[in-house]
Amino acid sequence: MPGSQYQQCTKCVMDTSDPDILFNPDGTCNHCTDYLSGISPLFHDPEKNKAGIRILVDKIKAKGAGKVYDSVIGISGGVDSCYTAYFAKINGLNPLLVHLDNGWNTELAIENILKVATRLDLDLETVVLDWQEFREMQLAFLRSSIVDTEIPTDLAIPAALHQLAEKHQVKTILSGGNYSSEGILPLQWGYHVMKDMKLYRYIVRTFSNVKREKIPGFGLWKEFKYKMLKGIKTYYPLNFIHYNKDEAKLLLEKELGCQFPFRKHHESRYTRFWQSYIMPVKYGFDYRQAIFSTQICSGQITREKALEELKTLSYDPDTIENEKDFICKKLQISTADFDQIFQKKPLTYIDFPNSKKSITFVYRTYRFLFPKK
């Protein structure tokens with residue numbers, strides 16, 4: 001939803017399609033500034049990199065001593081999570097792989113998960129969400145017209161990981177989240193990062209006729225419970241290395257026989273449809289801009305290449321109608337119903353009751369009391 005006057009960053013490719021973007025006098029944007037100030041020095045220093053990895057691995061092993069598993073890793077079948085499992089294995093860790101099946105996996109994603117588990121000789125546990133209830137959650141978010149329609153999945157994942165970590169007495173969760181390939185994401189494009197259960201409950205209550213009973217959620221209270229009371233900590237090992245997604249992809253293809261979709265998050269058919277088609281067409285947000293901007297700031301692609309890519313459509317016009325038909329059939333709605341929802345005014349988290357202020361206060365207070373070492 002662009003502002004009244006269009007402007008694009010002179011360093012990355014973010015622009016005023018992000019309503020919250022701010023520009024510096026030199027034409028660069030706040031996303032570039034925030035990225036460069038937030039990225040770990042380990043990313044650019046090989047020696048500190050090696051030392052940081054050793055410290056992290058030793059800490060995880062010490063916490064997991066005497067246990068069946070020393071860590072839990074969420075795996076989607078995408079590059080980042082598969083490489084995190086590979087990283088853990090080559091560094092002598094013994095993680096439990098956990099996959100959350102929300103009913104939207106591509107065959108490619110399933111094959112990658114099985115290859116990683118089998119060829120790295122790691123145990124895999126799959127959490128299958130109750131489809132009927134989960135479908136109602138997704139429909140509620142679809143009907144609400146909020147751009148962040150995947151909040152039910154994005155909050156079910158950390159809930160499942162922490163539940164299984166507690167079950168197996170594991171104190172460490174390893175995440176494939178990383179700054180080098182996803183360090184830039186405007187809040188109005190990805191509000192799920194706030195883990196806002198107030199907004200979640202409001203949308204389910206307002207736009208569905210069912211109660212959320214079987215689908216797990218993960219808000220501030222649960223994060224406090226698991227982190228502070230249970231001592232379960234989440235680490236991001238890909239931030240301890242000079243992680244290059246393209247190089248990781250080639251390695252996983254060669255070593256484990258994995259195959260990956262062209263775009264990030266496209267291991268899910270729903271995510272692929274939403275990010276490549278609905279977001280740009282209905283909301284005016286091209287998710288590729290955030291990905292490319294991150295890669296520009298991390299030196300993985302040039303701005304010129306990103307701009308060329310953005311001239312192309314993010315979806316295939318020859319197959320998009322078939323994709324829409326598939327989505328509608330699985331959600332058990334007609335294409336006419338979908339089209340009616342599609343025409344509704346595009347909204348973001350700011351249009352709904354939310355806990356952003358209190359969540360931000362708690363996070364800032366936590367970082368002040370427990371600064372990163």
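The values are calculated or read from the model by the stated rules, or taken from the named source; none is laboratory data. This structure is a prediction, so every number in the text was calculated from the model and none was measured. Backbone-built Cβ (ideal geometry, glycine too); neighbour counts: all protein chains shown. In case anyone asks, the SASA skips ligands and DNA or RNA and just uses the protein heavy atoms, side chains included. Shrake-Rupley method; radii C 1.70, N 1.55, O 1.52, S 1.80 Å.
Laid out as a table, the results:
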item	result
Meets criteria (farther than 16 Å from residue 181 by Cβ, in contact (Cβ under 8 Å) with a residue 12 or more places away in the chain and open to solvent by less than 80 Å² (accessible area, probe 1.4 Å)) for residue 253	no
Those residues of the stretch 173-185 which are crowded, with 20+ Cβ neighbours inside 10 Å and in a loop (DSSP other than H, G, I, E, B), in sequence order	175, 176, 178, 183, 184
Pick from the stretch 347-357, criterion in a helix (DSSP H, G or I) and touching a residue at least 40 places away in the same chain (Cβ under 8 Å), ranking: nearest to residue 224 (Cα to Cα)	356
Qualifying helices (runs of 4 or more DSSP H) (wholly inside the stretch 39-146; at least 2 residues being over 19 Å from residue 269 (Cα atoms), open to solvent by 10 Å² or more (accessible area, probe 1.4 Å) and of a type in the set (Val, Ile, Thr))	46-63
Hits in the stretch 201-236 - residues which are surrounded by 17 or more Cβ atoms within 10 Å (Cβ to Cβ) and of a type in the set (A, V, I, L, M, F, W, C)	203, 204, 207, 215, 218, 220, 232
Of all residues making up the stretch 292-309, the number that are touching a residue at least 40 places away in the same chain (Cβ under 8 Å) and open to solvent by 40 Å² or more (accessible area, probe 1.4 Å)	2
Positions within the stretch 289-338 being at pLDDT 95 or above, closer than 22 Å to residue 21 by Cα and not in a helix (DSSP H, G or I), in sequence order	302, 311
Odd one out for residue 344 among (1) closer than 28 Å to residue 198 by Cβ; (2) in a helix (DSSP H, G or I); (3) open to solvent by 50 Å² or more (accessible area, probe 1.4 Å); (4) touching a residue at least 40 places away in the same chain (Cβ under 8 Å)	(2)
Answer residue from the stretch 347-367, given it is among the aromatic types (Phe, Trp, Tyr) and open to solvent by less than 30 Å² (accessible area, probe 1.4 Å) and is nearest to the chain's Cα centre (by Cα) among those	349
Residue 325, sole failed condition from (1) touching a Ser or Thr at 6+ places or on another chain (Cβ under 7 Å); (2) surrounded by fewer than 15 Cβ atoms within 10 Å (Cβ to Cβ); (3) touching a residue at least 40 places away in the same chain (Cβ under 8 Å)	(3)
Number of positions in the stretch 127-159 that are farther than 24 Å from residue 189 by Cα and touching a Leu at 6+ places or on another chain (Cβ under 8 Å)	2
Yes/no for residue 119 being closer than 24 Å to residue 254 by Cβ, over 24 Å from the mean Cα position of the chain (by Cα) and not polar (S, T, N, Q)	yes
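For (1) of a type in the set (Phe, Trp, Tyr); (2) under 30 Å from residue 246 (Cβ atoms), each residue gets a yes or a no:
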residue: 287; (1), (2): yes, yes
residue: 309; (1), (2): no, yes
residue: 316; (1), (2): no, yes
residue: 325; (1), (2): no, no
residue: 330; (1), (2): no, no
residue: 340; (1), (2): no, no
residue: 350; (1), (2): no, no
residue: 353; (1), (2): no, no
residue: 359; (1), (2): no, no
